[in-house]
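Since the structure comes first, as structure tokens, the remarks are kept for the end.
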Amino acid sequence: MRRSDTRCAGQRPEGETTAQASRGIFVTIEGPDFSGKSTLVRAMRPLLAGDEPPTHFTREPGGTPAAERIRALVLDPEVEMDAWTEAYLYAAARADHARHGILPRLVRGENVVCERYLDSSLAYQGYGRGLGVEAVRELNAWAVGAVVPDRTFYLRIGVEERARRVRKLGASLDRIEKVGDEFWRRVEEGFEELIRLDPHRIEVLDGERPPEELAELVVGEIRSLRYTCGGDG
Ligand code: TMP
């Protein structure tokens with residue numbers, strides 16, 4: 001990635017000017033199921049462990065007590081629900097997480113790395129479930145407010161690699177993971193469309209590369225974003 005491509009999507013909290021600000025960097029990790037997001041984050045943790053300001057790791061759905069309760073419901077394979085109900089539940093969890101989990105940390109100057117965020121709702125509910133990307137974006141507008149990622153890393157993997165990982169991980173699939181191939185195709189096409197629409201924010205990573213290599217790359221970018229987007233530079 002060229003440094004000149006760097007753009008800071010996150011807006012600063014109300015009343016805070018760029019000169020005063022030392023806002024943390026908000027990074028999201030996105031990708032289809034089995035793309036290796038959690039493995040990447042696990043490899044990033046030790047690399048960032050001693051850094052100042054600290055980096056907070058979180059995930060969606062979840063990240064706060066209320067949002068974790070919603071996670072348990074929305075991912076329960078036993079619970080059938082309408083696609084709109086699902087979309088509202090993800091947005092409801094996000095509202096709590098964005099305001100009470102993410103924003104306070106960014107304001108304190110900490111960095112936040114979040115596995116999945118708004119792009120997942122756009123891809124899974126907007127494209128995958130067919131609710132329409134604009135409708136899902138609108139539904140989430142109040143939930144996210146000004147908490148938008150400075151940079152998003154998208155892990156892309158091939159269909160064969162995903163099939164291999166599904167076989168390796170075995171049977172315990174949650175409600176979303178149990179849906180068919182056609183759904184997966186729509187979700188992946190949805191992500192690709194989001195990348196086309198916002199290529200400066202979303203950086204594509206080859207999800208089949210070793211997680212340690214990917215972690216080095218992402219951590220390096222977080223550190224340099226600190227200078228271009230945060231208030232330290
Ligand atoms: P995980 O596999 O990253 O834990 O995510 C759980 C599932 O939730 C995954 O299949 C994707 C799905 N999901 C959505 O459908 N919409 C969303 O907004 C989010 C955050 C996750």
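Read-outs: derived from the displayed coordinates by stated rules, not from any lab. Computed from a prediction, not measured in an experiment: that's the story for all the values here. We place every Cβ from the backbone using ideal geometry, glycine too, and count neighbours over all the protein chains shown.
At a glance:
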{"quantity": "Inter-label distance, nm, simple model (7 Å from Cα along the C-beta direction), residue 100/residue 137", "calculated": "2.9 nm"}
{"quantity": "Estimated Rh, the range 23-126: Kirkwood, alpha-carbon pairs, angstrom", "calculated": "14.4 Å"}
